[in-house]
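To start, the structure itself, in structure tokens.
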């Protein structure tokens with residue numbers, strides 16, 4: 001997938017655990033792990049907003065696009 005999730009990078013910079021971040025944004029640690037590991041198919045803007053607020057960052061600090069990899073269903 002061409003979109004790379006860097007939540008773990010920001011968590012490390014903030015010295016924050018998965019459990020602590022999940023509590024702050026109101027989702028389960030399991031669902032946060034799905035987002036963090038790039039296995040999610042989508043992310044709600046409300047969740048992205050909560051992540052940015054908790055980690056004191058911009059959406060671009062959490063998500064980046066890497067060209068050269070195909071997206072399923074496109075050519």
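The values are calculated or read from the model by the stated rules, or taken from the named source; none is laboratory data. This one's a predicted model, so the numbers in the text were calculated from it and none came from an experiment. A quick note on method: Cβ atoms are made from the backbone with ideal geometry, for glycine too, and the neighbour counts reach across all protein chains shown.
Here is a yes/no grid of residues against (1) out of contact with any helix residue (DSSP H, G or I) (no Cβ under 9 Å at 6 or more places or on another chain); (2) under 25 Å from residue 66 (Cβ atoms); (3) part of a helix (DSSP H, G or I):
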| residue | (1), (2), (3) |
| --- | --- |
| 19 | no, no, yes |
| 23 | no, no, yes |
| 27 | no, no, no |
| 35 | no, yes, yes |
| 49 | no, yes, yes |
Of all residues in the range 51-64, count the ones that are outside any helix (DSSP H, G or I), touching a helix residue (DSSP H, G or I) at 6+ places or on another chain (Cβ under 9 Å) and within 15 Å of residue 2 (Cα to Cα). 1
Kindly indicate whether residue 39 is assigned to a helix (DSSP H, G or I) and surrounded by fewer than 17 Cβ atoms within 10 Å (Cβ to Cβ). no
Single match in 1, 16, 10 (criterion: surrounded by 13 or more Cβ atoms within 10 Å (Cβ to Cβ) and modelled with pLDDT under 95): 1
Could you list, in sequence order, all residues of the range 48-58 that are within 9 Å of the chain's Cα centre (by Cα) and farther than 15 Å from residue 20 by Cβ? 48
